[in-house]
1. Which members of segment A:138-156 meet the condition of being among the β-branched types (Val, Ile, Thr) and open to solvent by less than 30 Å² (accessible area, probe 1.4 Å)?
2. Out of A:Leu159, A:Leu120, which single residue is within 14 Å of another protein chain (Cβ to nearest Cβ), more than 20 Å from the chain's Cα centre (by Cα) and open to solvent by less than 30 Å² (accessible area, probe 1.4 Å)?
3. Collect the residues in segment B:100-116 that are more than 10 Å from A:Arg10 (Cα to Cα), open to solvent by less than 30 Å² (accessible area, probe 1.4 Å) and either among the hydrophobic types (A, V, I, L, M, F, W, C) or modelled with pLDDT of 95 or more (or both), keeping them in residue-number order.
4. Could you name every one of the helices (runs of 4 or more DSSP H) located completely within segment A:89-181 that has at least 3 residues being more than 19 Å from B:Thr183 (Cα to Cα) and free of Cβ contacts under 8 Å to residues at least 40 places away in the same chain?
5. For B:Leu130, state whether it is surrounded by 19 or more Cβ atoms within 10 Å (Cβ to Cβ) and more than 14 Å from chain A (Cβ to nearest Cβ).
6. If the requirement is being open to solvent by less than 40 Å² (accessible area, probe 1.4 Å) and not hydroxyl-bearing (Ser, Thr, Tyr), which of these qualifies: A:Leu112, A:Leu30, A:Leu68?
7. What pairs come up if the first residue lies in segment B:116-145 and is within 12 Å of B:Cys61 (Cα to Cα), the second is open to solvent by 40 Å² or more (accessible area, probe 1.4 Å) and part of a helix (DSSP H, G or I), and their beta carbons are under 6 Å apart, counting only those six or more places apart or on different chains?
8. Could you tell me whether any residue of segment B:202-225 is at pLDDT 90 or above, in a helix (DSSP H, G or I), closer than 20 Å to B:Val85 by Cα and within 14 Å of another protein chain (Cβ to nearest Cβ)?
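The values are calculated or read from the model by the stated rules, or taken from the named source; none is laboratory data. Note that the coordinates shown come from a computational prediction; the quantities given were computed from them, not determined experimentally. For neighbour counting, all protein chains shown are included, and Cβ atoms are generated from backbone atoms with ideal geometry for every residue, glycine included. Side chains are part of the model used for accessible areas, which takes the heavy atoms of the whole protein and leaves out ligands, DNA and RNA. Shrake-Rupley method; radii C 1.70, N 1.55, O 1.52, S 1.80 Å.
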Amino acid sequence: MKNIPLTLLRDRDRFWEALRLQELGWQDILGPAVFVVCVCSVYGAVLAGWRSPLLSLYVALKLPVLFLGTIVIVAVFNWITASFLGADLSFRATVFVVFAAMTIGCWIMLSLVPVALFFLLSGMPDVGTNEELRYAHNAILTTHIVILALAGIAGNAALFKGLRHVVNHRCSVPVLFLFWLSAFAFVGCQMSWILRPFVGSPFYSVAFMRPDCLDRNFYEFVFTEVLPFLIMGGR
Amino acid sequence: MSDRSNNTPCPPGSDGREDVPVTENIVTVLLKSTHQVGDIIARQAGLFNSALVLLATALVCHGVFGVAIGFFGGWQVVAMDLVKVPLVAVCSLFICFPSLYVFTCVAGAPLTLVQTFMLGCSCLAMIGLLLVGLAPVVWLFAVSTDSPPFMVILTLLIWLIAVSFSARFVARLKSHALFKKRTGTRLWFFILMIVTLQMTTFMRPMLSAPDKGWRSPGKKFFLSHFSSTFEHKARTDLIKSSEHIKSRP
């Protein structure tokens, strides 16, 4: 199949049919993989563009690693759960389904690059008081969260529909989807914690990775710092 | 579908209403028979020219609305808003154009690039036509009030009404098979609104003349800009009332 990313955008049913009929070989994964890497690099460059060109370069390298790394780490788990639930999917098919979902998400990200870039160029002050910088940082962070959430929702919706097309009818698609999504979110959060910073803070110096990136994990941080802070009403 | 004339019956994709002659002006079709725009977009013939006509219409209409707003700040602001308001509209559309294409495709309505351009221009023209309709209302308040927050709220309200009509126009296209799935365009309107608000902030001020050049320097988020408009007014009112108290015998 030629140009899989474009097929996934304009005629997804044809892709699912080809996958179901096992017409796709390992060499076909190159197209979506290159597409995901390129889009993540472009979006990564914009994501950190407000802080410094150096961080922009770092994030352009790190974002593809985050996405592809997460796929690689959960791939075997995805295949095992699919087999366990009787989905009748090969390892290759599970990888293709996940890549297809990620490609859809990347299309959304790519389409919103001009929007993110415009907000970056028009809404982020270069200088200002600490309060102004903090406000701008939070605003750009919210913008990116909304964009990435849209991409995530579109990707997962495609994943859900795709699974319905390709799995055996005896397999419960919602359960399989929930397993895959949980694994992806669980690993993805920790990967992003290790690879931080992505957006960059105006109060920290630019670094490829934080010096304490392997000291704690994402969930320790949430349970020991974020939740107590929220429970205490921000005191 | 592509060769339909006046007398041929509507295709199954249409909702059975009477067809509009192909030769009729695209702006008239947009105003009077919005459902026909779906057929025109699907037909594809001469679509780019129709889109350009709609874009020009949108620019003129936004220009008229700009003039109406500009009266709030005097003739200099009228001249500025005559250019700024259409610029805000067209720049926002171009920034959001990739997302319109991708969102419609992902939602299951794979439009071509020209069809997407036509859809975007139709939406903008619909917003412009509504703004022209409400321009006299804005003009009336612009010449009879000196409260910037009131003008901001009024303009926002009128613009939101225009955008909602445009969204309703896209909803009416669902009679055509190409526009059955509308999740993508709904989401796109949200993106367009946010981008337009930020574009307005980028080209600020719209209600008064800047100290230097054609826009105020500095980068700002739209929420920060709009809230500062209200804060400034509140501060001015406070100063005025304290001066009033001081001046009492």
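1. A:Ile140, A:Thr143, A:Ile147
2. A:Leu120
3. Once the filter is applied, which keeps residues that are more than 10 Å from A:Arg10 (Cα to Cα), open to solvent by less than 30 Å² (accessible area, probe 1.4 Å) and either among the hydrophobic types (A, V, I, L, M, F, W, C) or modelled with pLDDT of 95 or more (or both), segment B:100-116 yields B:Leu100, B:Phe103.
4. Per the criteria, A:113-123, A:130-166.
5. yes
6. Among A:Leu112, A:Leu30, A:Leu68, only A:Leu112 is open to solvent by less than 40 Å² (accessible area, probe 1.4 Å) and not hydroxyl-bearing (Ser, Thr, Tyr).
7. Sorted first by the residue in segment B:116-145, then by its partner, the pairs are B:Leu130/B:Phe165; B:Val132/B:Val64; B:Ala135/B:Val64.
8. Yes.
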